[in-house]
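Contents: one structure, followed by commentary.
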């Protein structure tokens, strides 16, 4: 059965990996206190993530790695969930009690937990294309307002400054890439598929960060709570389409659901090591 | 238990109840600083359900800070203010730079105000926003139309912040019942 | 005795004519349409027999000419020891003669329009197929009208339906297996499939599920469908129904299995895929470009019909900053003075729309004009002018309702989803809407129909799998059948 899943769902896993990388990072990147080295830090974090990915792939799937996978999965689910709920509460539903925002989200995750991972694969392949379309749409719609100087680096970074810009991305990209490697390996997929998906997701994430930085500049982007949302809100078409950031909420929700879903299925795979 | 859960569910559906009241839609804002006081004026489109025409009101408030000036305006209004549709923010050309930054910070912190709102300068924001609109419901939309015809200004909110609050703002004046760019 | 055929499964004919006649008269003592004709043959052969049949269910001319007349004018000698064999093979003129001894089997035949011939001295009776009950005649199905293509539809007699199917599929590969379901109706249920295409495991699974049905009577396919379906709580049906023989034949050619139930023109086909909800009967009879455009439109209409009211509620209640300013002004203005919350307005209007729709189906045609006046003027105009409802909500619900009419196969799902989405948007705004949409998508992906993925075309996610789902590819490139078939090659291979 494992061989069949990996044989049929290659494209799906590619989409899943890409959405996984977007995860909740797309909501808040670039992070607070970002400076001119932020994008460089993002790129370095990507390289580190790949290294972590390959390292985890080499590890055997035993009880120790199963426990570590479980813990990592819980971290990713918590991180993604909290980020997303906080965004919804602060941006969309400030007057609604957080409990009522969290509850349906948890119900959806519970539903996912009782189903097979094939459902998540299909969801990934179906939502991948709209997500890419939305991200590219916003990028090209804001292209005319870009200031290319916003990504110029005028001096060489020192290690401490550089580390401060890389660390948030290590937490939000490199650590989850270990979970992706764990899930990919336990599901029987080859490295190539998930690495390709990772690369696509990384590029998409880079586009979203560039979108904010080129539009707002790094200082202002670093001050905004949700830079990509704010960037999306500046897109206007005539008098009729003035606030289009509503489309981004679907991107956030889809990528967070996928990230949490991967975590759930990684926990299920780990559990199989202990409970036959 | 069943009855309680049904009541809770029904109560949830009533969340939209408080949104049935008509609101003042703020189409443009004006800020001035003189005599040690901040003067805020909001051009509000009053959406009246009893007749199809919308009326426009100018709401004015003064205070030792912008927040105070705005809260004076809010106290005068019986209805909540819908600020997310504000398209134009007019500042007095005589406003010192540090106060201009305060205006920008206030507008930024009031997150409802979109980052694509246009900043303009004028000699007297209150006078500008109180003129009779020419071609649309309110003068704020007239100004937006004028700015969109001249897209070479980088005066949107995020562009102003991006420039370090040093963006060159277009000056708009009123002459013979019409609006013009000056300079 | 519980009054069921199975009560007599251990009973057999006695061989004594008078006793057997009395036995049957006792069974049907309160049934006035049972007829018993005693016949005494006194020509070349001497024997006594009795013909038992149900008046109205049999063809009287055939009974007279093919059974009674030959028996009374026997002109051959019996040279076999078995009188039943002699009569069945040399006397009777009917096309189908079966030998029966068991009372329950005999009762099944008599109750279905066969004539029973009891022979004195023989424990074997003869059953003759002389069915003559009136049927509605082949007409075009009301709910499945098309502009181009065959117009015939199934009717209530299962044998006639099977004959129509047989005319479409001139192949010995067509397998028809019969089962009887229903304790008191003993309804004939026929499982049809093409032996080399259908998955035998699925066939066995269907038979197993039907065998497990324990019910008084089966009067329609839905009695069976509801009891054998997967995912009983889901709004989406996992079995298809149709009244058209061409559609059933097309589905059989794709490796599906048809369930024909006697007494109803509706035929069930399984497994049923999600994409079939968006197919129309004439998709394959018209140009593929037009069919593809219409299918895309149906997908879009499904999305619109569940989304328009809920998105409107979400934006106008929670996220007015996302509305374009002129539209926001219109919405606020139109809502002024309306005493109800937007969500209740929406729900009530959706219900009113459904009431009008249902009334339109049930009422007589003479009242059509009156109903359109009530619907249009009273609900549409007067309610808005009286500020009971606002016109944006009316427009949103009307658009959503019209979009929903494009999808007759999804009417249950669309109705509940529309209301569900409105309620969740009323509580959680656009977040609730997107969450509900994602949950719906996940739910659809988790469904199955007789062990086949409901969205099996997404399993491979390649162009081949899209050829007959979102689009309808031209016939010359539709080389493969759906992937759950035993033989997926549709053309280019004569094996």
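The values are calculated or read from the model by the stated rules, or taken from the named source; none is laboratory data. This one's a predicted model, so the numbers in the text were calculated from it and none came from an experiment. All Cβ positions, glycine included, derive from the backbone under ideal geometry; neighbour counts span all protein chains shown.
In the set C:76, C:36, which member is in contact (Cβ under 8 Å) with a residue 24 or more places away in the chain and either over 24 Å from residue C:188 (Cα atoms) or surrounded by 15 or more Cβ atoms within 10 Å (Cβ to Cβ) (or both)? Answer to the check: C:76. Checking C:444, C:438 one by one, the residue that is over 29 Å from the mean Cα position of the chain (by Cα), within 26 Å of residue C:309 (Cβ to Cβ), within 12 Å of another protein chain (Cβ to nearest Cβ) and surrounded by fewer than 22 Cβ atoms within 10 Å (Cβ to Cβ) is C:438 and no other. Give me the residue from the range A:207-243 that is under 21 Å from the mean Cα position of the chain (by Cα) and free of Cβ contacts under 8 Å to residues at least 24 places away in the same chain and, out of that set, farthest from the other protein chains (Cβ to nearest Cβ). Only one residue tops the list, namely A:224.
All of (1) part of a helix (DSSP H, G or I); (2) in contact (Cβ under 8 Å) with a residue 12 or more places away in the chain hold for residue C:377 with one exception: (2).
Going by what's in this entry, would residue C:402 be described as part of a helix (DSSP H, G or I) and over 30 Å from the mean Cα position of the chain (by Cα)? No. Quick one: is residue B:127 more than 12 Å from the chain's Cα centre (by Cα) and in contact (Cβ under 8 Å) with a residue 24 or more places away in the chain? Yes: the conditions hold for residue B:127.
Of note, residue C:33 does not satisfy the criterion of being in contact with a strand residue (DSSP E or B) (Cβ under 8 Å, 6 or more places away or on another chain) and modelled with pLDDT of 90 or more.
Every residue in the range B:6-65 that is surrounded by 12 or more Cβ atoms within 10 Å (Cβ to Cβ), in a loop (DSSP other than H, G, I, E, B) and at pLDDT 85 or above, please. The one that is surrounded by 12 or more Cβ atoms within 10 Å (Cβ to Cβ), in a loop (DSSP other than H, G, I, E, B) and at pLDDT 85 or above: B:65. Count of the range A:101-112 residues, restricted to those that are in contact (Cβ under 8 Å) with a residue 60 or more places away in the chain and either surrounded by fewer than 14 Cβ atoms within 10 Å (Cβ to Cβ) or at the interface with chain C (Cβ under 8 Å from one of its Cβ atoms) (or both), is 2.
Can you pull out the residues in the range B:134-156 that are surrounded by fewer than 18 Cβ atoms within 10 Å (Cβ to Cβ) and either in contact (Cβ under 8 Å) with a residue 40 or more places away in the chain or within 14 Å of chain A (Cβ to nearest Cβ) (or both)?
B:134, B:135, B:136, B:145, B:148, B:149, B:151, B:152, B:153, B:154
The set of residues in the range C:398-423 that are over 22 Å from residue C:277 (Cβ atoms) and either within 14 Å of chain B (Cβ to nearest Cβ) or crowded, with 24+ Cβ neighbours inside 10 Å (or both) contains only C:423.
Applying the set (1) touching a strand residue (DSSP E or B) at 6+ places or on another chain (Cβ under 9 Å); (2) assigned to a helix (DSSP H, G or I); (3) closer than 18 Å to residue C:99 by Cβ to residue C:52 leaves exactly one unmet item: (2). Looking at the range B:94-183, the helices (runs of 4 or more DSSP H) lying wholly inside it that each contain 1 or more residues that are in contact with a strand residue (DSSP E or B) (Cβ under 6 Å, 6 or more places away or on another chain) and under 30 Å from residue A:93 (Cα atoms) sit at B:97-109, B:139-149, B:157-162.
Inspect the range C:468-485 for any residue being surrounded by 21 or more Cβ atoms within 10 Å (Cβ to Cβ), in contact with a strand residue (DSSP E or B) (Cβ under 6 Å, 6 or more places away or on another chain) and either modelled with pLDDT of 95 or more or within 22 Å of residue C:296 (Cα to Cα) (or both) and give the result as yes or no. Checked the range C:468-485: no residue is surrounded by 21 or more Cβ atoms within 10 Å (Cβ to Cβ), in contact with a strand residue (DSSP E or B) (Cβ under 6 Å, 6 or more places away or on another chain) and either modelled with pLDDT of 95 or more or within 22 Å of residue C:296 (Cα to Cα) (or both).
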